[in-house]
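Data first, discussion second: the structure below is written as structure tokens.
What follows is calculated from the coordinates using simple rules that are stated; it is not laboratory data. All figures in this text were calculated on a predicted structure; none of them were measured in a lab. As a convention, Cβ positions derive from the backbone with ideal geometry for all residues, glycine included, and neighbour counts pool all protein chains shown.
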Amino acid sequence: MNILIFGPNGSGKGTQGSLVKKKYDLDHIESGAIFRKHIGGGTELGMKAKEYIDRGELVPDDITIPMVLDVLKSASPNGWLLDGFPRSLNQSEQLWEALQKDGVKLDYVIEILLPREVAKNRIMGRRLCENDNNHPNNIFIDAIKPDGDKCRVCGGALKARADDQDEEAINKRHDIYYDTNTGTLAAAYFYKNLADKAGFKYIELDGEGTIDAIKETLLKQLA
Ligand code: AMP
């Protein structure tokens with residue numbers, strides 16, 4: 001089972017992605033995580049990529065595309081869930097070409113839809129509980145609104161993560177994601193237009209629902 005997942009920062013892509021990964025026992029291949037591993041290991045690729053990542057820009061395709069295609073080749077026989085790649089129209093085209101060439105079947109492409117303003121609010125509304133980072137609290141999401149200024153799960157003190165409040169960085173990321181000409185939405189639409197002809201299923205999920213509602217819709221659509 002091979003799956004691509006698209007969704008802006010703030011859409012819950014990570015949560016839904018780990019659900020899909022567990023269901024089919026897939027390798028979760030995240031381009032951002034591969035870069036971080038290279039940076040941590042001090043590799044040449046990592047050093048080159050770091051300057052772009054630090055500026056919030058995409059790492060150039062001549063570094064990114066071969067790196068991801070290489071990891072895909074050694075993925076588990078159960079298949080992969082590719083997350084964070086492709087992020088541009090060119091990456092989409094190159095990935096499709098490589099899959100065709102290697103005879104690799106794509107089964108699903110998942111897109112989580114979320115208006116840009118909502119995505120931004122979600123990021124900026126996130127609050128971390130001092131007792132447990134997994135306690136969900138968000139001042140802009142009714143279902144997980146904190147209890148006053150305290151954690152809705154345990155009553156612990158809450159604080160915002162500094163990078164969640166960096167509006168400029170959020171805007172920069174969303175500029176890339178919501179670009180329908182050459183950016184990440186263009187990459188998603190490339191697959192949307194191909195789906196019927198190429199024989200894979202393109203699943204669109206309304207990201208404004210609760211995590212459980214999205215989960216349920218997603219599971220119904222997967223075989
Ligand atoms: P992420 O963890 O997905 O937010 O990725 C962290 C950073 O890695 C991004 O801000 C980019 O600089 C870089 N990156 C991740 N995926 C890609 C990609 N597909 N193409 C180019 N750069 C990427």
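A few points about this structure:
- Positive-end residue, the chain charge dipole about Cα centroid, Cβ charges, pick of L106, Y191, V59: L106
- Label zone at K159 (point 7 Å along Cα-to-Cβ), backbone N below 14 Å, segment 113-142: 127-133
- Filtered GluC sites (Glu not before Pro), segment 42-149: DSSP coil and at most 16 other beta carbons within 10 Å: E57, E130
- Point-charge dipole on Cβ atoms (K/R +1, D/E -1) for segment 1-112, about Cα centre, debye to 20: 360
- Spin-label pair N131-K105: with each label point 7 Å from Cα along the Cα-Cβ axis, the two points sit 4.8 nm from one another.
- Under 15 Å from the K201 label point (7 Å along Cα→beta-carbon), backbone N, segment 76-116: 106-111
- Cys residues of the chain that find no other Cys beta carbon under 4.7 Å: C154.
- Relative contact order (%) - the chain, alpha-carbon pairs under 8 angstrom, separation at least six: 26
- Computed over segment 104-205, the alpha-carbon pair-distance distribution with 5 angstrom bins reads 2, 12, 17, 15, 13, 13, 11, 9, 5, 2, 0, each value a whole percent.
- Difference of contour (0.36 nm per residue) and Cα-Cα distance, L219 to I63: 52.7 nm
- Among beta bridges that DSSP assigns inside segment 88-223, antiparallel share in %, nearest 5: 45
- Taking 0.36 nm per residue of sequence separation and removing the Cα-Cα distance, the A169/S76 pair yields an extension gain of 30.1 nm.
- Phi to ³J(HN,Hα) by Karplus 6.51 cos²θ - 1.76 cosθ + 1.60 over segment 141-157, Hz, x for Gly, Pro: 10, 3, 5, 10, 5, x, 8, x, 9, 10, 4, 6, 8, 10, x, x, 6
- Residues in segment 120-135 carry Karplus couplings, in order, of 5, 4, 4, 5, 6, x, 5, 10, 9, 8, 5, 8, 7, 4, 8, 6 Hz; the curve used is 6.51 cos²θ - 1.76 cosθ + 1.60 with θ = phi - 60°, and Gly or Pro positions show x.
- Simple point charges give the picture: +1 on the Cβ of Lys and Arg, -1 on the Cβ of Asp and Glu, and for the chain a dipole about the Cα centre of about 440 debye.
- Based on C-alpha pairs under 8 angstrom that are at least 6 apart in sequence, segment 94-223 has a relative contact order of 28 percent.
- DSSP beta bridges in segment 1-145 [antiparallel fraction, %, rounded to 5]: 10
- In order along segment 88-105, phi translates into HN-Hα couplings of 8, 4, 4, 4, 4, 5, 5, 5, 4, 4, 5, 5, 4, 4, 8, x, 8, 8 Hz, rounded to whole numbers, per the Karplus curve 6.51 cos²θ - 1.76 cosθ + 1.60 with θ = phi - 60° and x for Gly and Pro.
- Taking the centroid of alpha carbons for each part, segment 95-131 and segment 1-64 are 11 Å apart.
- Placing dummy labels 7 Å off each Cα toward the beta-carbon, the span from K22 to Y178 is 3.2 nm.
- Between the exposed loop cleavage positions of the chain, defined as trypsin sites (Lys or Arg not before Pro) in a non-H, G, I, E, B DSSP state with at most 14 neighbouring beta-carbon atoms within 10 angstrom, the longest gap is 162-223.
- Theoretical ellipticity at 222 nm over the chain - DSSP helices of four or more residues, -39500 (n - 2.57) apiece, nearest 500: -15000 deg cm²/dmol
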